[in-house]
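The values are calculated or read from the model by the stated rules, or taken from the named source; none is laboratory data. Quick caveat, the model's predicted, so the values are computed rather than measured. We place every Cβ from the backbone using ideal geometry, glycine too, and count neighbours over all the protein chains shown. With ligands, DNA and RNA removed, areas are computed over all heavy atoms of the protein, side chains included. Shrake-Rupley method; radii C 1.70, N 1.55, O 1.52, S 1.80 Å.
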Amino acid sequence: MFELALTIGIGLLGGIAVGTQAPIAGAMSQRVGGAASSFIVHLGGLIASLILLLSRRGEDIAQWRELPWYMLGCGAFGLVLYLSISHTIPKLGAVSAITLIIVGQLLAGVVIDYLGAFGTIARGLEVYRMLGIALLFAGAYLVIR
């Protein structure tokens, strides 16, 4: 039970991080531009990741050559995220922009789970899951309208 609570807490912490980072990145992009703010954010992430990697004695970084090609390019999704944030936050506000990001994440997650893509366990679209998705869409509509 503790492990589940810890995992849920970590997931919520990640959501809080995205929810906090998005308006900051959106405001930064208004000052320096979308690509420039993405570069600054990713440079900060690179430095933080390097410090964490060094503190963990490099983990298995030497195995990077064994990774499939699509894993090496997944950082480009961060650029897409920041360019979308820099476009949507000034026009819709932080809540609406983050709502769209969450709905997009849900859609990607549903497809990835359904296909069992990227090594995930394939999961069907049972009635309760579809109902939850429908409720999320309804909630997103109410937030954005």
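Report the charge-dipole magnitude of the chain in Debye, nearest 20, computed about the Cα centre from +1 at each Lys and Arg Cβ and -1 at each Asp and Glu Cβ. Kindly include the intermediate steps, with their values, before the conclusion.
On the way: 8 positive and 6 negative charges, 81 e Å.
Around 380 debye, computed over the chain.
What share of Cα pairs, in percent, lie more than 17 angstrom apart in the range 82-124? Walk me through the numbers before you get to the answer.
Numbers: 396 of 903 pairs.
Considering the range 82-124, 44 percent of its Cα-Cα pairs are separated by more than 17 Å.
Can you pull the percent of the chain's accessible area that's carbon plus sulfur, 1.4 Å probe, other chains left in place? Mind showing how you got there, number by number?
Working: 7790 of 10730 Å².
Here it works out to 73 percent.
Where does the chain land at 222 nm, in deg cm²/dmol rounded to the nearest 500, when only DSSP H runs of n ≥ 4 count, each adding -39500 (n - 2.57), divided by all residues?
Computed ellipticity for the chain at 222 nm equals -27000 deg cm²/dmol.
Positive end of the charge dipole of the chain (Lys, Arg +1 and Asp, Glu -1 on Cβ, about the Cα centre): tell me which of VAL111, ALA27, LEU135 has its Cα farthest that way.
Projecting each Cα onto the dipole axis, the largest value belongs to ALA27.
Are there trypsin sites (Lys or Arg not before Pro) in the range 10-111 that DSSP marks as loop and that have at most 13 other Cβ atoms within 10 Å, and which are they? Could the numbers behind the result be given before it?
Details: sites: ARG31, ARG56, ARG57, ARG65, LYS91; in loops: ARG56, ARG57.
Qualifying residues, ordered by number: ARG56, ARG57.
Under a 1.4 Å probe, what is the accessible area of the range 15-145 per residue, stated in Å²? Don't skip to the answer; put the middle values down first.
Details: 9360 Å² over 131 residues.
Value returned for the range 15-145: 71 Å² of accessible area per residue.
Cα centroids of the range 71-145 and the range 5-34: how far apart, whole angstrom?
14 Å
Take the alpha carbon atoms of the range 43-145, find their radius of gyration, then divide it by 2.2 N^0.38 Å using N residues; give the quotient. All intermediate terms of the calculation are to be shown ahead of the outcome.
Values: Rg = 17.8 Å, N = 103, 2.2 N^0.38 = 12.8 Å.
In units of the globular-protein estimate, the range 43-145 measures up at 1.39.
Probe radius 1.4 Å, ligands and nucleic acids left out: which of MET130, MET71 has the largest accessible area, and how do the rest follow? List each step's numbers first, then the result.
Values: MET130 105, MET71 85 Å².
Sorted by accessible area, descending: MET130, MET71.
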